[in-house]
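Single-structure report; data block below.
The values are calculated or read from the model by the stated rules, or taken from the named source; none is laboratory data. Since the model is a prediction, treat every value here as computed from it, not as a measurement. Positions of Cβ are backbone-derived with ideal geometry, glycine not excepted, and every protein chain shown enters the neighbour counts. Areas reflect the complete protein model, heavy atoms only, side chains present, ligands, DNA and RNA absent. Shrake-Rupley method; radii C 1.70, N 1.55, O 1.52, S 1.80 Å.
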Amino acid sequence: MASYRDLLQRVKEEIDQVDARHARELIDSDTPPAVVDVREVDEWTEGRIPGAIHIPRGNLESRIEQAAPDHAQPILVYCAAGNRSAFAAKSLEELGYESVVSLAGGYTDWKRSGFPTELPRTLDGAKRQRYSRHVLIPEVGEEGQLKLLDSKVLLIGAGGLGSPTALYLAAAGVGTLGVVDDDVVDLSNLQRQIVHTVDRVGQPKVDSAEIAIKGINPGVKVNKYAERLTSENVLDIITGYDVIVDGTDNFPTRYLLNDASLVAGIPVVHGSIYQFEGSVTVYKPHDGPCYRCQYPEPPPPELAPSCAEGGVLGVLPGVIGTLQATEAVKLLLGIGEPLIGRQLRYDALSMEFVELKMHRDPECPVCSKDPSEIEFIDYEQFCAMPSRAVARPEEAVA
């Protein structure tokens, strides 16, 4: 019966190994390999080869294809001393990877040779437990969760759409949430605006939203803006955020937010709802169409009633707001295919989703310009709405 040493020796004879010097040459070459660290978490936190991907040996087979989907891509795998990485290299070859090498001597030899190392920023014990289900996902992992913790998302509206978005982004660990809403909690809001409660009727919505957000995740910083978005304050409010989630209920604010986001270069996750129907899309500046490309001119007010006028199924904003939160997380992490140039429409009565393609207008009066050339207009006049109708963020059909 073969011993562990016999098995290890046989595996090392069947794979390709390189010493630290040759590994450094591979990493510095024009076609560097994907560097995979198969050590345990406690070893990883003590230092790593810069740029390495962390996949513990016990999870390698199940996670490697998310990290390195191209089986022709060269892979350099390492552990502490070169033993676990030898078995890892053998497994990768059996999975069909064409060019795999193991670092003989492992990270220990790499450090001894004086080559660059880095101390990864890691989650502490409490955060690791809280976000453990994210850490398990290869597309998120610890680095992705740290990125979320560093991220800032601005919610325009703490109403029907802003409620589920705020709760899920807080739960996901987005580090800073800004909330813009000048309204107070009304009893009629509670049919759909789940961030608010009966005991907070009459309170400013930004204060009520903060209580709910902190109740889910005390570590989230909440920036409150109990004011309306205007041409004068919009850039001051949105600047510094990574993503904007639009839950507004009127056209002047939507056009203002569109133009300002182009100036500031911030993507907007737009959502709208009305009765039984809703839609979601992503407007990423100069990467796909903007709101004006899709809606060059607003419809007459009588053809676009608000939810206060036409009603909305209470659960509908939960669906659309959750989709907005999903798109925001994807944008923050740089994963998946955001709804850029695509609008997802949802019909609750038929339980159907329909995707529509949208194209950027090369003659668009705003996104075809250099951002420095964009000027804010009189949006109430543009939308043929009386000034008193400006900007109460909540929700409505687009």
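Look at segment 188-209 and say how many of its residues are of a type in the set (D, E, K, R), free of Cβ contacts under 8 Å to residues at least 40 places away in the same chain and closer than 28 Å to TYR291 by Cβ.
So the first thing to find is which residues in segment 188-209 are of a type in the set (D, E, K, R), and the list is 192, 199-200, 205, 207.
Filter again for free of Cβ contacts under 8 Å to residues at least 40 places away in the same chain, leaving 199-200, 207.
Applying the additional criterion that residues be closer than 28 Å to TYR291 by Cβ yields none.
Residues that pass the stated criteria total 0.
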Among helices (runs of 4 or more DSSP H) entirely inside segment 266-361, those with 1 or more residues being open to solvent by 20 Å² or more (accessible area, probe 1.4 Å) and modelled with pLDDT of 95 or more are 316-333
Restricting the search to segment 76-85, which residues are touching an Asp or Glu at 6+ places or on another chain (Cβ under 9 Å), open to solvent by less than 50 Å² (accessible area, probe 1.4 Å) and not hydroxyl-bearing (Ser, Thr, Tyr)?
VAL77, CYS79, ALA80, GLY82
What single numbered condition from (1) touching a strand residue (DSSP E or B) at 6+ places or on another chain (Cβ under 9 Å); (2) of a type in the set (Lys, Arg); (3) more than 20 Å from LEU8 (Cβ to Cβ) fails to hold for ARG39?
(3)
Taking only pairs six or more apart or across chains, which ones have beta-carbon atoms under 7 Å, a first residue in segment 214-238 that is more than 18 Å from GLY159 (Cα to Cα) and open to solvent by 50 Å² or more (accessible area, probe 1.4 Å), and a second residue that is among the aliphatic types (A, V, I, L, M) and not in a loop (DSSP other than H, G, I, E, B)?
LEU235/ALA260; LEU235/VAL263; LEU235/ALA264
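Do we have ARG63 as buried (at least 18 other Cβ atoms within 10 Å of the Cβ) and in contact with a Cys (Cβ under 9 Å, 6 or more places away or on another chain) here?
Values: buried (at least 18 other Cβ atoms within 10 Å of the Cβ): yes; in contact with a Cys (Cβ under 9 Å, 6 or more places away or on another chain): no.
For ARG63, the condition - buried (at least 18 other Cβ atoms within 10 Å of the Cβ) and in contact with a Cys (Cβ under 9 Å, 6 or more places away or on another chain) - is not met.
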Do we find a residue being open to solvent by 40 Å² or more (accessible area, probe 1.4 Å), of a type outside the set (A, V, I, L, M, F, W, C) and either in contact with a Leu (Cβ under 8 Å, 6 or more places away or on another chain) or more than 30 Å from PRO69 (Cα to Cα) (or both) anywhere in segment 163-182?
yes
Looking only at segment 91-131, and only at residues there that are closer than 23 Å to GLY47 by Cβ, modelled with pLDDT of 95 or more and among the hydroxyl-bearing types (Ser, Thr, Tyr), the one that is farthest from the chain's Cα centre (by Cα):
SER113
